[in-house]
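Here is the structure we will look at.
The values are calculated or read from the model by the stated rules, or taken from the named source; none is laboratory data. In this text the structure is predicted, and so the values were computed from the model without any measurement. Here the Cβ is made from the backbone with ideal geometry for all residues, glycine too, and neighbour counts use every protein chain on show. Quick note on the areas: whole protein, heavy atoms, side chains included, nothing else; ligands and nucleic acids left out. Shrake-Rupley method; radii C 1.70, N 1.55, O 1.52, S 1.80 Å.
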Amino acid sequence: MRRGRFLPFFLMFLSLAGSGFYIWYQEGPGKERAIAAHMKQEAARSIPVVEEQALPPWEEPQVVARVPAYRVAPDLSNVANPEALGFLTTDERERLVAQGFFVRPSAAPDPVSLYRDNAARGIPSLITADTLCYLYRAIQAHAVAQAEQRLYPLLQSLTTRMLEGSRSIYRQVENPRVKEAARRNMAYFAVAARLLDERAEVPAEVQDMVSRELDLIYAAAGPATGAVFPYEVDYEVFVPHGHYTWTPELERYYRAVTWYGSVPLYPTRGKAGEVGAEPSDQVIQAILFTEALFRWSLGRIGPIEKWDRLYTSMSFLYGQDDALHPRDALRLIEEIFGRRPNLDELADPAKLRTFVLKARELAAVKGVPPVFKFVGPFVSVDRAILDRLAGDGVSGVRAQDLLALLGSETARAGDAHTPDRAARLEQMRKELATIPLERWHTSAAGGFLWALQPLLAPKGTGFPLFMEGPAWEGRNLLTGLSALALLHLEDWKAAAPQQEGATWRGSSPAVPVYVEPELAFYARLAWLARYTRDFLDGRDLLTGSAAERLRHFEQLATLLKKAAAQELAGAPLNGDQKQRLGAWGETMAGVLADLGIAGREGLPGHPGAVVTLYRAGERVFQAALGPPLEIVAVVPVEGRLYLARGAVLGCREVTRSADAPLTDRQWLETLAEGAPPFPAWTGNFLLPPPPAD
């Protein structure tokens, strides 16, 4: 009986010893055999379905415009505050009489300063769509950066699992060609692992290859042939830029994602960069990493689940993919090699040729190059649409064509003398009109283009005088072009200059305030902010600060939406609305300060930023953001007419050689010498700067 007293302790010892042996076995000599066994079991697993995000309820607002018709007296005698802005030139007065508004360069260094100046001088403020557009992109860009920091551990974990799977395959296969492809996959994933964590283990078989690649990546000296792939890679793309310079973690994330997205696996590319007719070793690499991705799991979340989450998250953040990815490869593998392929038979020349042929057909259907990549690259939907136009034979594709497709009549007017080009654009425009809501919102950029559409559309009767006619459509085209520039602006952080002792207040409630009544645009942006928050939250990519900022923006957009609806219905704003809108400059300043964005002139933080909108052959189309413009309009408020002033984003489209694009520094130097003219289509609303005091 006394021996029985020791039985519980003996059983506890066995339990602990067994657990310790299991851990040792899994992480030590038994790990490779366990992985190999599970890979075979995984061949029979059903393929996980990519998770889709449910869209919040959306109902297009009914825009009912009943603003009483009004005209501006030639001497401005029916305007309550004709002297609010001081001296007006003859041209400016004529534009106010004829079309109710004009736009001119502003003496204010940035939009925040303009609205603060309005409050200080008692000038009625015109709250523009431009300013809300800018706030959305600033908030959304910071939410993306924070989401990327949360994607970092997922990318790191997936990379580690893929390295382990590739190493297991390398040790299993015997066919020399397949074994060499497996060795290169080990190096491929080991490079990414080291980019994410400099302490990551590198298998002895590929240490020299990995060291060579890392040296080239960190040197970023331009085109060179590395050790993993037998063709030239432009290593200059590995230099972090924009918000990727904010933290070491974002720098590492950028380099790893760039490694996966910028180095393709060519199905028929051979050594030294030549393209041959026979399948390349890289196609075997693509098949092998697809097998490792889908067929390997040790009872935990498998690599494919991690890849699905990474892929859908990146698709939303960046745009649609621009290559064949592992799910595409899996379809071809199962069709040609079967659901349980013998990896040593992957070098079968006939089957490889069939695989390459089918891959080309699939790529043509998807509209992507016939190359494989593990994840990425991702192309913003606006660039994809312009690529489609160029592919359909539309000559001289430019950024304005996209705005024409989204509804801008001014952008379409330039094609009046080219019927064939106009017909092709009209066909594409009809196609875009049929895209369902779900398709637009597969990416954040697509949602942004969806939100822009009502802003670009011509306005009917019942709107204020200044929104009638082609002049306003031209102004909205300028706003649309600026919005595209903001879509691709990457550096949203700058040091905030302090203004010692400055105390700012909103306008007095007695000073009128008017919201540019783009009701549908505001409604769409409010909904888009909510959906962005829901999407990121559903994937555990939403930080508390990002959630609060997106929620605050939704409230601001809703504030403008309700004010616009009241203005269009001829109803007055209440006291709370007047107070909140009268402090619009302070509202913008608070949002930007919270984000750490500020600047001395031009856009907050961006006195002269240049972004690339589109590349076509040897030409690059860029947008150059400069100092703000100001819009002056005659607005109806509670039965009286007032001069009101607001901020408009100033943007110019630039076409340069792809070898010598315009840089931020060059653009700043150009602005210092004197701002270049805007395009001719701005002539019916954009006037020279106001005279000096």
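A simple packing score, the average count of other Cβ atoms within 10 Å per residue, orders the peptides 389-400, 215-226, 426-437 as 389-400, 215-226, 426-437, with the highest score first.
Shape class for region 535-692, computed from the alpha carbon gyration tensor (a ≥ b ≥ c): oblate, with a/c not under 1.5 and a/b at or below b/c. Close amide H partners of residue 637, meaning residues 5 or more places away or on another chain with modelled amide H under 5 Å apart, are 642. For region 151-258, would you read off the P(r) tail past 24 Å as a percentage of all alpha carbon pairs? Every Cα pair in region 151-258 considered, those over 24 Å come to 25 percent.
Which whole-number percent is the relative contact order of region 181-293 (Cα, under 8 Å, 6+ apart)? Over region 181-293, the number comes to 24 percent.
Suppose R0 equals 22 Å; then what is the FRET efficiency for residue 593 and residue 656 from their Cβ-Cβ distance, rounded to the nearest 0.05? Step by step, r from the Cβ atoms, then E = 0.05. Taking 171, 177 and ordering them by how much accessible surface each has at a 1.4 Å probe, largest first, produces 171, 177.
Distant-in-sequence amide contacts of residue 233, defined by a placed amide H-H separation under 5 Å and a gap of 5 or more residues or a different chain, comprise 224, 225, 226. Coordinate range of the alpha-carbon atoms in region 91-166 per principal axis, descending: 73, 28, 17 Å. Over all pairs of different C-alpha atoms in region 53-140, the reciprocal of the mean inverse distance, the Kirkwood hydrodynamic radius, equals 16.5 Å. Take every pair of alpha-carbon atoms less than 8 Å apart whose residues are at least six positions apart; their mean separation over the length of region 106-239 yields a relative contact order of 13 percent. For region 123-195, chymotrypsin sites (Phe, Trp or Tyr not before Pro) are listed when DSSP marks them as loop and at most 11 other Cβ atoms sit within 10 Å of their Cβ; the list is empty. Is region 148-191 rounded, prolate or oblate when judged by the Cα gyration tensor, a ≥ b ≥ c being the square roots of its eigenvalues, rounded requiring a/c under 1.5 and prolate requiring a/b larger than b/c? Prolate shape, in that a/c is at least 1.5 and a/b is the bigger ratio. Rounded, prolate or oblate, given the Cα gyration tensor of region 626-690, with a/c below 1.5 counting as rounded? In terms of gyration-tensor shape, prolate.
Model label points for residue 619 and residue 534, set 7 angstrom from Cα along the Cα-to-Cβ axis, are 4.2 nm apart. Our coupling estimate for region 220-225, obtained by passing each phi through the Karplus curve with A = 6.51, B = -1.76, C = 1.60 and θ = phi - 60°, is 6, 8, x, x, 6, 9 Hz, Gly and Pro reported as x. Taking 7 Å steps out from each Cα toward its Cβ at residue 199 and residue 345 produces label points 4.5 nm apart.
Do any of 430/561; 179/373; 459/562; 179/351; 366/430; 430/562 go past 26 Å between their Cα atoms, and which? The pairs that break the limit, which is 26 Å between Cα atoms, are 430/561; 430/562. Here the calculated FRET efficiency for residue 663 and residue 236, from their Cβ-Cβ distance with R0 = 25 Å, stands at 0.95, rounded to the nearest 0.05. Here the Karplus curve 6.51 cos²θ - 1.76 cosθ + 1.60, taken at θ = phi - 60°, turns the phi angles of region 61-78 into couplings of x, 7, 8, 10, 9, 10, 5, x, 4, 8, 10, 9, 5, x, 9, 6, 5, 9 Hz, with x standing for Gly and Pro.
The base-10 log of I(q)/I(0) for region 605-654, evaluated at q = 0.14, 0.25 Å⁻¹, reads -0.54, -0.90 [Debye formula, identical scatterers on Cα atoms, solvent excluded].
Between the beta carbons of residue 392 and residue 439, assuming R0 = 25 Å, the FRET efficiency works out to 0.85 to the nearest 0.05. Highest mean first, the peptides 401-408, 151-158 sorted by other C-beta atoms within 10 Å per residue fall in the order 401-408, 151-158. Of the chymotrypsin sites (Phe, Trp or Tyr not before Pro) found in region 357-459, not one falls in a DSSP loop while having at most 14 other beta-carbon atoms within 10 Å. Normalised size of region 366-461, defined as Cα radius of gyration per 2.2 N^0.38 Å with N residues, equals 1.16. A simple spin-label model places the labels of residue 75 and residue 221 7.7 nm from each other, with each point 7 Å out along Cα-to-Cβ. Only protein heavy atoms count here; under a 1.4 Å probe, residue 366 has an accessible surface of about 70 Å².
Karplus-based coupling profile of region 161-176, in residue order and whole Hz: 5, 5, 5, 5, x, 5, 5, 5, 4, 4, 7, 8, 6, 10, 4, x, with θ = phi - 60° in 6.51 cos²θ - 1.76 cosθ + 1.60 and x standing for Gly or Pro. Shape analysis of region 342-400 based on the Cα gyration tensor places the equivalent ellipsoid semi-axes at 33, 14, 6 Å, largest first.
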